[in-house]
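In what follows, a structure is listed as structure tokens, so that the remarks can point back to it.
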């Protein structure tokens, strides 16, 4: 009982701290995008602000719902404690499904980042597809990802007698939470039938197929664009002679590495393991607590590469009078070609 209370207290503290950092960093990045971005960025600034908005929605819902993510046996689930809650059960269940949807929204947003980055590097005029009416498409892609994952959580993984019977003992043992006081979204792949034999639960299976397919599409785009971008950067480093240009491309290389590692290490790998191990009857209970924390921390990490690696933003943050009403920060003079290349590091 004491261990449960200790973990819940620690989890709540981490969620609150992560939320505060995420709100501060994403709000700061939105401000810098609007006020300090080069004009050459054009309408892509709208998409960047949109991605920050996704992180803000993600972290806000996480603090409101305070979910626990857990896996044991042939099940994985997200659960929330409904005790001492003000909203009706239906609304709480819907908000939890939307929180699951935020993960889908995020992975498609990541893929869009990498598509833009490669289009900018190859210099074949395809950045026009991020301007004007084309922006509607790019805005819609993460919304589709969110709607799809919300539907999976609210339909394929919805509360039902089979799942409740399977996970009720886990909730009572792990969280001292009666099933009637919980709202959950769960995949149970091998529940016991009337004969006490394991029988595949196809409803959960269909939901998993959808989840894995959506993650595979997004990860494939990220890997493809990442490899092409790294190849293009190396080609540019070999052709550039000036020290300034080489330093600029190294900034890009570091930013690309950071923006690749964060989603891969914090989203794709842990959740890929969480989704597939129960299907294969591989117990991954040890991942439950770390993934619960990772889910809360990710929105705070997402904007950091832009803040640390993009000179237009990092230099402003370094200014001592950043928070003064009249900021007289120095503005470096760049050629159009240099400004364009600086955009690539976003």
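The values are calculated or read from the model by the stated rules, or taken from the named source; none is laboratory data. What you are looking at is a predicted structure, and each value in this text was computed from that prediction instead of being measured. In this analysis, Cβ positions are derived from the backbone assuming ideal geometry, glycine residues included, and neighbour counts consider all displayed protein chains.
Can you tell me which residues in segment 169-189 are surrounded by fewer than 21 Cβ atoms within 10 Å (Cβ to Cβ), part of a loop (DSSP other than H, G, I, E, B) and touching a residue at least 12 places away in the same chain (Cβ under 8 Å)?
176
If you check residue 147 against the conditions, is it surrounded by 17 or more Cβ atoms within 10 Å (Cβ to Cβ) and touching a residue at least 40 places away in the same chain (Cβ under 8 Å)?
No: the conditions fail for residue 147.
Would it be correct to say that residue 31 is within 23 Å of residue 308 (Cβ to Cβ), out of contact with any strand residue (DSSP E or B) (no Cβ under 7 Å at 6 or more places or on another chain), at pLDDT 90 or above and surrounded by fewer than 17 Cβ atoms within 10 Å (Cβ to Cβ)? Give the derivation first.
Numbers: within 23 Å of residue 308 (Cβ to Cβ): yes; out of contact with any strand residue (DSSP E or B) (no Cβ under 7 Å at 6 or more places or on another chain): yes; at pLDDT 90 or above: yes; surrounded by fewer than 17 Cβ atoms within 10 Å (Cβ to Cβ): yes.
Criteria met by residue 31.
For segment 196-216, name all the residues that are within 18 Å of the chain's Cα centre (by Cα) and surrounded by 13 or more Cβ atoms within 10 Å (Cβ to Cβ). Quick ask: steps written out before the conclusion?
We begin by selecting, within segment 196-216, every residue within 18 Å of the chain's Cα centre (by Cα); these are 210-216.
The answer is 210, 211, 212, 214, 215.
In segment 49-94, how many residues are part of a helix (DSSP H, G or I) and either buried (at least 16 other Cβ atoms within 10 Å of the Cβ) or under 16 Å from the mean Cα position of the chain (by Cα) (or both)?
Qualifying residue count, segment 49-94: 20.
Looking at segment 241-346, what helices (runs of 4 or more DSSP H) fall wholly within it and have at least 3 residues that are within 30 Å of residue 73 (Cα to Cα) and either out of contact with any helix residue (DSSP H, G or I) (no Cβ under 8 Å at 6 or more places or on another chain) or modelled with pLDDT of 85 or more (or both)? Please lay out each step first, then the result.
On the way: elements: 243-263, 269-276, 288-301, 304-309, 311-318, 336-343.
Answer list for segment 241-346: 269-276, 288-301.
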